[in-house]
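Each remark here refers to the structure printed beneath this line.
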Amino acid sequence: MTVFDLDKNQAIAFLPMAGGPDVIKFDPGLKRIYVACGSGAISVFQMDDADHYRKLEDFPVQKKVHSLAVDPETHRLYAPEQEADGKAVARMVVYEAVVR
C-alpha cells in the first residue's frame, strides 16, 4: 500500500499487504486502514499521524473477501464472505477492532 500526499505530490509510506488487495476502508476514530485481500486476509494499518503509518497485522479471514464496511461509532468491521473452506456461502462476518 502506498500512502500519497496529494498536496506535496509525493509518496509518504510504502507498506506491505497480503496478496490480492481489493478494497480499502478507513476508520477515522481509530485512525486505522483496512484492506480486504482475496488471499484470505485483511491487512490492518495504523495512522500514527499524517506522515507516519505502520502495519499492525494481516488478520486471517476466508478467501475471496472483496468488500468491507467500517462502523465509525463501534469500530466494527463487516466483511461479507462468499466462500468458507472452499464451499459457497452467503454470510456477513463482524470483526471487533482491538486497540493497541
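The values are calculated or read from the model by the stated rules, or taken from the named source; none is laboratory data. Note that this is a predicted model, so its numbers are computed, not measured. We place every Cβ from the backbone using ideal geometry, glycine too, and count neighbours over all the protein chains shown.
Filtered by the rule that a residue be among the aliphatic types (A, V, I, L, M) and within 9 Å of the chain's Cα centre (by Cα), region 18-34 gives 23, 24, 33.
I'm checking my understanding of the structure. Among residues of region 9-30 that are assigned to a loop (DSSP other than H, G, I, E, B) and surrounded by 14 or more Cβ atoms within 10 Å (Cβ to Cβ), which one is modelled with the lowest pLDDT? It comes out as 20. Of the numbered conditions (1) of a type outside the set (S, T, N, Q); (2) touching a residue at least 40 places away in the same chain (Cβ under 8 Å); (3) in a loop (DSSP other than H, G, I, E, B); (4) in contact with a strand residue (DSSP E or B) (Cβ under 8 Å, 6 or more places away or on another chain), residue 63 satisfies every one except a single condition; which is it? Among (1) of a type outside the set (S, T, N, Q); (2) touching a residue at least 40 places away in the same chain (Cβ under 8 Å); (3) in a loop (DSSP other than H, G, I, E, B); (4) in contact with a strand residue (DSSP E or B) (Cβ under 8 Å, 6 or more places away or on another chain), the lone unmet condition for residue 63 is (2). When residues in region 65-79 are screened for being farther than 16 Å from residue 27 by Cα and surrounded by fewer than 17 Cβ atoms within 10 Å (Cβ to Cβ), 1 of them pass. Consider region 31-47 and keep the residues that are surrounded by fewer than 20 Cβ atoms within 10 Å (Cβ to Cβ) and polar (S, T, N, Q). The one that is modelled with the lowest pLDDT is 39.
Suppose the filter is in contact with a Phe, Trp or Tyr (Cβ under 6 Å, 6 or more places away or on another chain), touching a residue at least 40 places away in the same chain (Cβ under 8 Å) and surrounded by 15 or more Cβ atoms within 10 Å (Cβ to Cβ); does residue 53 pass it?
It is true that residue 53 is in contact with a Phe, Trp or Tyr (Cβ under 6 Å, 6 or more places away or on another chain), touching a residue at least 40 places away in the same chain (Cβ under 8 Å) and surrounded by 15 or more Cβ atoms within 10 Å (Cβ to Cβ).
Among residues of region 6-50 being among the acidic types (Asp, Glu) and free of Cβ contacts under 8 Å to residues at least 12 places away in the same chain, the one that is nearest to residue 74 (Cα to Cα) is 49.
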